[in-house]
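Right, one structure below, let's go through it.
What follows is calculated from the coordinates using simple rules that are stated; it is not laboratory data. The model shown is predicted, which means the values in this text are computed figures rather than measured ones. Cβ placement follows ideal geometry from the backbone for every residue including glycine, while neighbour counts extend to all protein chains displayed.
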Amino acid sequence: MIEIRHLRKEFDDNTIPLRDINVTINNGDVISIIGPSGTGKSTLLRCINMLTEPTSGEIIVDGQDITKKGCNLNEVRMKMGMVFQSFNLFGHLTVIENIMNPQITLLGRSRQEAFDKAMYLLTQVGLATKVFSYPDELSGGQQQRIAIARTLAMDPDIILFDEPTSALDPSMIGEVQSVIKLLAKTGRTMMIVTHEMDFARKISNRILFMADGVIYEEGTPKQIFDHPKKELTRKFVQRLTTLSYKIDSTDFNFEVMNEELMAYGEKLLIEAERLTKLTLAIEEICINNIANYSDNPYILVNIEYSEKKDTLFLSVRYKAEERFDPKTSESKLFQLLLEEPTTTLKETKLKDDDDGCQYKIDMSFKWEDAE
Amino acid sequence: MKKLLIALFAVLLLCTPVFAEEIDVSKFEKIEDFNGLNIGVQTAVLYEELIMDRVPDTAFQYYTMPTDMILALKSGKIAGYLIEAVGYGVHKANHPELTTFKEVPGFISASNIIGNNDKQERLLKEMNEFIRNGYENGLLGDDGSLYQYWIADFDPETDNVGVKDFTFTGENGTLNIAVEGGYEPFSFVSDGNLAGFDVEFICRFCVEYGYTPIFNEIPFESIAPGVETGKFDIGMNIVVSEERNETGTLSDIYYTCPVLLVILENEKIAAPSFFESIKISFNKTFIRENRWKLFVSGAGVTFLITICSIIAGTIIGFAVYMACRHGNILANRVTDFFLWLIHGMPTVLLLMILYYVVFGSSRISGMWVSVVGFSLMFATAMIDMLRVGYNAIGRGQYEASTALGYSDRQSFFKILLPQAANHFLPIYSNEVVTLIKETSVVGYIAVLDLTKISDLVRSRTYEAFFALILTAIIYFIISALMVRVVRIIQKRIDPKRRSDRKVLDGIDTKDWELF
């Protein structure tokens with residue numbers, strides 16, 4: 001139904017939010033667009049109804065390229081509803097007029113028809129008592145539900161949601177999301193830019209993960225959220241934050257690394273106790289053992305924290321002449337740590353021959369309350 | 001320390017009038033004694049050149065109207081003022097406490113200036129012939145009938161020969177005549193008619209040579225520039241000097257008279273009682289010669305200029321704004337240039353440039369030129385207001401309406417403008433009041449508006465109080481009226497003032513319990 005080919009947008013300040021977008025939207029699709037900030041998600045949405053004019057590429061709606069000059073954009077836009085982050089209800093009109101007037105002006109409906117439709121939709125979004133209110137008298141959540149009703153009144157073929165809950169108080173997100181969820185169930189074609197992963201997962205049949213101005217990975221919610229193929233996607237959906245070190249000399253500054261770990265923990269709100277466990281593990285494995293028995297150590301330390309799983313991961317890959325088995329550590333403290341149920345340990349052999357060996361040690365630290 | 005300084009300053013302030021009082025100019029022997037004291041003179045008559053060399057340290061104070069000089073003399077701002085003998089006669093009649101200094105500063109001669117246009121050569125010839133004949137047949141000169149009637153034996157109460165006493169054939173066309181209008185006995189308004197020495201002189205000239213005169217009352221300082229641009233055919237009563245002769249073409253001299261230095265009489269003259277004097281001035285200002293009619297017509301002119309300018313300015317401003325709205329670079333550049341030009345210019349200058357330069361060669365009356373000028377000024381204000389109002393509503397409203405499918409025109413008129421109006425209407429009513437007040441300068445381009453009328457009346461009555469107060473009151477009334485109209489419009493179009501029933505007018509709501 002809507003086909004986007006090689007869409008590119010460059011702004012005057014030389015930023016390029018969209019590099020090369022290719023996607024087809026089928027009737028009945030509920031598509032969520034996710035991705036880090038500043039990767040062109042909203043720009044893509046705004047290009048689809050030409051609120052932002054793309055630099056090049058084609059947008060084909062029902063066989064017609066709407067980026068071409070001479071295309072009647074007003075007619076195209078009547079078929080595409082848009083819900084904005086900042087609601088944008090018309091401030092000088094009452095709620096009922098906000099929903100009625102576009103129908104009268106644009107679709108040529110009679111005042112009675114427009115009123116009946118508006119009242120039906122107001123009932124659906126649960127705001128039939130606010131008929132004569134003005135937008136500035138309503139809460140954000142109420143305004144956004146009215147905005148959705150205003151869009152629905154035009155009977156659009158597709159509705160574009162541009163971060164519909166981003167400007168709302170957390171207490172109001174739910175009421176708006178449930179209205180959108182209801183719409184998704186009725187088989188409407190929708191496209192939603194959102195930062196609410198769980199919401200995206202529940203309502204969509206397709207997820208577009210955007211990064212650096214392209215659709216970086218696309219798939220069903222299960223594919224994207226549970227089995228992402230690409231590293232960037234995985235990091236994003238699990239909300240991972242990583243820290244990496246390479247220890248390749250005996251002079252490695254352990255103090256600096258400790259300080260950075262503390263700052264990292266503070267930023268991500270990781271408990272001090274868990275961080276202490278992590279540093280203990282790094283010290284015992286890397287410094288006291290592997291590096292201690294080698295003149296020319298080569299150790300890669302990778303620390304990851306997943307906000308989503310609330311788990312701290314430590315991964316140590318090393319090259320050495322001999323294998324170090326963490327279970328044989330002489331440190332009492334480290335042994336106690338291994339015994340804790342919230343700690344896991346896994347050792348993987350990568351290579352072991354006459355030239356030396358390569359092993360990988362993976363540890364994870366959960367928080368007790370999380371269990 | 002600070003308190004001490006303030007006290008010292010206050011004492012000095014108190015002393016100044018005392019010092020000023022002590023100089024008794026009536027005891028002076030010669031003009032040189034006035035050196036260092038302030039002397040008043042009418043703008044553009046150049047009488048100061050007669051005594052400038054003798055009083056090198058004197059600062060001359062320039063006044064537009066003789067009335068103001070008398071006021072300044074009485075309040076001690078000047079020690080004396082220069083006026084031609086004929087003018088003094090009238091002053092003395094109205095203010096007995098005036099007298100003249102014993103030494104006569106000099107004599108002045110006056111001529112007419114002929115407009116710089118295609119009639120110039122012919123007019124100059126005819127005018128000089130008329131003046132030459134005038135001296136011979138007893139019209140001009142010290143014994144001439146004009147001098148006798150208007151100067152030697154002038155009675156401001158009854159003498160009012162003017163335009164009404166002549167019939168013009170106009171077989172050789174019309175002439176635009178520039179006169180001061182507030183300069184008794186040369187040109188002044190009596191009983192609603194223009195009369196005086198200059199008026200009678202030029203009427204006789206027109207009758208003899210078959211012209212119909214059209215009189216323009218404008219300040220002295222504007223006569224010469226207006227004539228040089230060809231706007232006027234004849235400018236009356238130009239004091240002859242070398243400098244002026246270079247730019248215009250002057251006729252022969254048509255009268256000569258001494259210039260006097262007027263000072264205050266030393267002895268105090270018993271003044272009439274307070275209520276008596278109020279009664280006299282009220283009578284003079286409004287009742288005599290039906291002068292109240294002048295105020296009515298002046299207020300009418302001011303009102304008309306204001307209304308026309310507001311309507312035209314609003315329409316022009318709106319049209320220009322619409323043309324610039326889409327960011328057409330050329331339209332915006334041109335508009336910004338004109339905005340900058342009009343914003344940066346004093347109103348008087350804008351009007352004079354329009355009157356003498358832009359419309360210099362056309363016959364559009366000063367009244368319509370001022371409507372053009374004020375329309376332009378109001379249009380610039382309107383454009384600014386629309387810009388401010390539009391910027392105040394934010395881009396979201398435009399995007400939302402566009403995304404729904406509104407065309408650009410629909411979204412502007414149905415969504416953006418109604419909201420912008422709420423933001424700019426309060427500023428609009430301020431601009432209207434500003435405009436009304438600004439119109440008071442149109443006297444400079446020969447429009448007899450309220451302020452100019454008040455000046456003309458004051459120049460005859462030599463009384464400031466009632467004329468000024470009444471003028472102020474009329475301005476207040478006009479402003480209040482206009483502000484009220486804007487406020488009514490504002491209420492009318494405010495969407496939030498509608499009742500709920502009005503919102504759903506004509507809709508069957510029985511399925512819903514809304515009311």
Exercise. If packing is taken as the mean number of other Cβ atoms within 10 Å per residue, what is the order of B:391-400, B:66-75, B:129-138, B:454-463, highest first?
Worked result: B:454-463, B:66-75, B:391-400, B:129-138
Exercise. How many partner chain Cβ atoms sit within 10 Å of a residue's Cβ in peptide B:413-426, on average, as a whole number?
Worked result: 2
Exercise. What FRET efficiency comes out for the pair B:S75/B:A480, r = Cβ-Cβ distance, R0 = 41 Å, nearest 0.05?
Worked result: 0.80
Problem set entry | Prolate/oblate/rounded call for the protein assembly as shown, Cα gyration tensor, a/c under 1.5 rounded | prolate
Exercise. Using the alpha-carbon atoms, what tilt in degrees (0 to 90, nearest 10) does helix A:170-185 show relative to the longest principal axis of chain A?
Worked result: 70
Exercise. What dipole magnitude, in Debye to the nearest 20, does the protein assembly as shown give about its Cα centre under +1 on Lys/Arg Cβ and -1 on Asp/Glu Cβ?
Worked result: 3580
Seminar exercise, completed: Taking Cα atoms, the helix B:450-461 axis meets the longest principal axis of chain B at an angle in degrees (rounded to 10) of 20
Seminar exercise, completed: Hull surface over four for the Cα convex hull of segment A:240-370, reported in nm², is 7.8
Problem set entry | Protection-proxy order for peptides A:104-115, B:346-357, B:187-198, B:158-169, each taking the mean of Cβ atoms within 10 Å per residue, highest first | B:187-198, B:346-357, A:104-115, B:158-169
Seminar exercise, completed: By Cβ neighbour count within 10 Å, fewest first, B:M65, A:M262 rank A:M262, B:M65
Problem set entry | Cα shape, segment A:67-176, gyration tensor, a/c 1.5 rule | oblate
Exercise. Could you give the dipole magnitude of segment B:160-266 about its Cα centre, charging the beta-carbon of Lys and Arg +1 and that of Asp and Glu -1, in debye to the nearest 20?
Worked result: 220
Exercise. Under a plain spin-label model, where a point goes 7 Å from the Cα along Cα-to-Cβ, how far apart in nm are A:D248 and A:T24?
Worked result: 4.8
Exercise. For A:T328 and A:D13, what does the FRET efficiency come to when R0 = 60 Å and r is the distance between their Cβ atoms, rounded to the nearest 0.05?
Worked result: 0.50
Seminar exercise, completed: Residue by residue through segment B:90-99, the couplings from Karplus 6.51 cos²θ - 1.76 cosθ + 1.60 with θ = phi - 60°, in Hz, x for Gly and Pro, are 5, 4, 4, 4, 8, 10, x, 6, 7, 8
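Rank by packing, highest mean first: peptides B:214-223, B:373-382, A:319-328, with packing defined as the count of other Cβ atoms within 10 Å averaged across residues.
Averaged packing, sorted descending, gives the order B:373-382, B:214-223, A:319-328.
Which order do A:E97, B:E228 fall in if you start with the one that has the fewest other Cβ atoms within 10 Å?
B:E228, A:E97
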Seminar exercise, completed: Simple SL model, points at 7 angstrom along Cα→Cβ for B:A323 and B:R492; separation in nm is 2.8
For this session: Any chance you could give the angle, 0 to 90 degrees and rounded to 10, that helix A:111-124 forms with the longest Cα principal axis of chain A?
Result: 30
Exercise. What are the residues whose amide H is under 5 Å from the amide H of B:T100, where those residues sit 5 or more places off or on another chain and H is modelled from the backbone?
Worked result: B:I263
For this session: Go ahead and run the numbers for FRET between B:F274 and B:N137, Cβ-Cβ distance against an R0 of 45 Å, rounding to 0.05.
Result: 0.30
For this session: Tally the DSSP beta bridges in chain B and give the antiparallel ones as a percent, rounded to 5.
Result: 65
Exercise. What list of ³J(HN,Hα) values in whole Hz, one per residue of segment A:55-70 in order, does the Karplus curve 6.51 cos²θ - 1.76 cosθ + 1.60 (θ = phi - 60°) give from phi, with Gly and Pro shown as x?
Worked result: 6, 8, x, 10, 10, 9, 10, 6, x, 10, 7, 7, 7, 6, 5, x
Problem set entry | Kirkwood Rh in Å, taken over segment B:287-495 so that all alpha-carbon pairs contribute | 18.9
Exercise. In peptide A:94-100, how many Cβ atoms from other protein chains are near each Cβ within 10 Å, on average?
Worked result: 3
For this session: Pull up the cross-link candidates among the lysines for A:K360, meaning alpha carbon to alpha carbon under 16 Å and not fewer than 8 places away within one chain.
Result: A:K246, A:K319, A:K327, A:K346, A:K349, A:K351
Problem set entry | Built amide H within the under 5 Å cut-off of B:G40, gap 5+ | B:Q61, B:A79, B:G80, B:Y81, B:L82
Problem set entry | chain B: Rg to Rh, with Rh as the Kirkwood radius over Cα pairs | 1.08
For this session: Please go through segment B:265-349 and write out the GluC sites (Glu not before Pro) that DSSP classes as loop and that have at most 11 other C-beta atoms within 10 Å.
Result: B:E267
Problem set entry | Positive-end extreme of charge dipole, chain B - chosen from B:A110, B:F282, B:L260 (charges on Cβ) | B:F282
Seminar exercise, completed: Ordered by fewest other Cβ atoms within 10 Å, a rough proxy for footprinting exposure, A:Y305, B:Y390 read B:Y390, A:Y305
Exercise. Given H placed on each backbone N at 1.01 Å, which residues far from A:S133 in sequence or on other chains put an amide H within less than 5 Å of it?
Worked result: A:V95, A:I96
For this session: Could you work out, residue by residue across A:78-91, how many beta carbons of other chains sit within 10 Å of that residue's beta carbon, and then give the average as an integer?
Result: 5
Problem set entry | Rounded to whole Hz, the Karplus (6.51, -1.76, 1.60) HN-Hα couplings of segment A:91-107, x for glycine and proline | x, 8, 10, 6, 3, 5, 5, 4, 8, 6, 4, x, 4, 5, 5, 9, 9
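By its C-alpha gyration tensor, with a ≥ b ≥ c as the square roots of the eigenvalues, how is segment B:123-266 shaped: rounded for a/c under 1.5, else prolate for a/b larger than b/c, else oblate? Spell out each step's value before the answer.
Numbers: a/c = 1.36, a/b = 1.17, b/c = 1.16.
It comes out rounded by the Cα gyration axes.
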